[in-house]
Amino acid sequence: MKLFLDTANTAQVAEIAAWGVLDGVTTNPSLVAKEGKDFKATILEMCRHVPCVSAQVTATDAEGMKKQGQEYAAWHKNVVVKVPMTTEGLKALTFFKSKGIKTNTTLIFSVAQAMLAAKAGATIISPFIGRLDDMGEDGMTLIAEIMEVWNKYDFETEVLVASTRHPRHIVDAAMLGAHISTIPYDLFKKLPQHGLTDTGIKKFQEDWAKVAK
Ligand code: E4P
């Protein structure tokens, strides 16, 4: 499974990329606004570190999405144009597919939306599980249903599990065969940690210190 960082903070991307395990980055308008930095410069800096960086269109009509998306795609070969799941978005996805521009369809909350985006030619779809959990639904059930459908047909579209909130989300997504998880920085930092690893290292160090010359 590919692991993406869900951030618009370039220092966080550089830090996690240095671990050698980072496959991509997903930004969105809220994350970019939080950082307050130039959008294009942010995307280009991230493209230095990873081969797949989602840059989201803010237009709501297909023509506007096509214009923005073509501009973003021209910035760097690693840019993936992020398009919201609307009927206008579907038109834009079809256009981007015909132009060979990679896309990530965002704000997917149902299997029907997932199938439509895939049929329109999305490279990636992003079902948001945490936001479903937040409203009392089970986001991981959506991933299970999408993967069941994907296993019955030959969709080339990759399933990216978005809006992850805790380490178990990443494990469950992997066990269901999802292709990608995008992970917020604080959660990514938790993944290498285990209390038994820490106590194990401490014990090894202590024992070695007793015999080391
Ligand atoms: C994905 O591409 C989104 O940026 C992200 O996962 C949204 O997560 P949130 O629900 O924590 O805002």
> So, with +1 on the Cβ of K and R and -1 on the Cβ of D and E, and no other charges, what is the size of the charge dipole of the chain about its Cα centre, to the nearest 20 debye?
Replying inline: 580
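Just from its helices, what would the mean residue ellipticity at 222 nm be for the chain, if runs of 4 or more DSSP H residues each count -39500 (n - 2.57) and the sum is divided by every residue, rounded to the nearest 500 deg cm²/dmol?
On the way: 11 runs with 112 residues, N = 213.
My calculation for the chain gives -15500 deg cm²/dmol from helical runs alone.
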>> Binning at 5 angstrom from zero up to the longest distance, how are the C-alpha pair distances of the range 34-107 distributed in percent?
In response: 3, 18, 30, 24, 16, 7, 2
> Could you give the nm distance between label points at residue 189 and residue 131, where each point is 7 Å from its Cα heading toward the beta carbon?
Replying inline: 2.6
> What stretch of the chain, leaving out the sites themselves, is the longest with no GluC sites (Glu not before Pro) in a DSSP loop having at most 16 other Cβ atoms within 10 Å?
Replying inline: 1-136
>> What does the net charge come to around residue 113 if you take all other residues with beta carbon closer than 12 Å to its beta carbon, with K and R at +1 and D and E at -1?
In response: 0
>> I'd like the trypsin sites (Lys or Arg not before Pro) in the range 64-108 restricted to DSSP loop residues with at most 13 other Cβ atoms within 10 Å, sorted by number.
In response: 77
>> Students often get this wrong: which residues of the range 169-195 have the backbone nitrogen under 19 Å from the point 7 angstrom along Cα-to-C-beta of residue 205?
In response: 192-195
> Can you run phi through the Karplus equation (6.51, -1.76, 1.60; θ = phi - 60°) for the range 56-69 and list ³J(HN,Hα) in whole Hz, with x for Gly and Pro?
Replying inline: 8, 6, 10, 5, 10, 9, 4, 5, x, 4, 4, 5, 5, x
> Between residue 98 and residue 48, what FRET efficiency comes out of the Förster formula 1/(1 + (r/R0)^6) with R0 = 22 Å and r the beta carbon distance, rounded to 0.05?
Replying inline: 0.15
> Taking the chain on its own, what percent of its Cα-Cα pair distances exceed 24 Å?
Replying inline: 44
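Let's see if you can work this out: charge +1 on each Lys and Arg Cβ, -1 on each Asp and Glu Cβ, no other charges. What is the dipole magnitude of the range 97-213 about its Cα centre, in debye to the nearest 20?
Values: 14 positive and 14 negative charges, 112 e Å.
The calculation lands at about 540 debye.
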>> What are the ³J(HN,Hα) couplings of the range 43-53, residue after residue, when phi is run through the Karplus curve with 6.51, -1.76, 1.60 and θ = phi - 60°? Round to Hz, x for glycine and proline.
In response: 5, 5, 5, 5, 5, 5, 9, 9, x, 8, 10
> Once amide H atoms are placed 1.01 Å from N in the peptide plane, what residues at a sequence separation of 5 or more from residue 103, or on another chain, have their amide H within under 5 Å of its amide H?
Replying inline: 81, 123, 124
> Using 17 Å as the cut-off for backbone N distance, which residues of the range 162-177 belong to the label zone defined by a point 7 Å from the Cα of residue 111 along Cα→Cβ?
Replying inline: 176-177
> log₁₀ I(q)/I(0) of the range 1-76 at q = 0.12, 0.20, 0.24 Å⁻¹, via Debye over equal Cα point scatterers, no solvent, to two decimals?
Replying inline: -0.32, -0.84, -1.11
>> 7 Å from Cα along Cα→Cβ at both residue 168 and residue 23: what's the point-to-point distance in nm?
In response: 2.4
> With θ set to phi - 60° and the Karplus curve 6.51 cos²θ - 1.76 cosθ + 1.60, what are the ³J(HN,Hα) couplings of the range 70-84 in order, to the nearest whole Hz, using x for Gly and Pro?
Replying inline: 5, 5, 4, 5, 6, 5, 6, 5, 7, 6, 10, 7, 9, 10, x
>> Can you divide the C-alpha Rg of the range 100-161 by 2.2 N^0.38 Å and report the result to two decimal places?
In response: 1.07
>> Using alpha carbons only, how many angstrom separate the centre of the range 84-136 from the centre of the range 50-75?
In response: 14
> Summing +1 for each Lys or Arg and -1 for each Asp or Glu, what net charge is found among the other residues whose Cβ lies under 15 Å from the Cβ of residue 184?
Replying inline: 0
> Any idea which of 195, 59, 9 is furthest toward the positive side of the dipole for the chain, if Lys and Arg beta-carbons carry +1 and Asp and Glu beta-carbons -1?
Replying inline: 9
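Here, each number is a calculation from the coordinates, and none is a lab measurement. Since we're looking at a predicted model, the values are computed, not measured. FYI the Cβ positions are ideal-geometry reconstructions off the backbone, even for glycines, and counts take in every protein chain you see.
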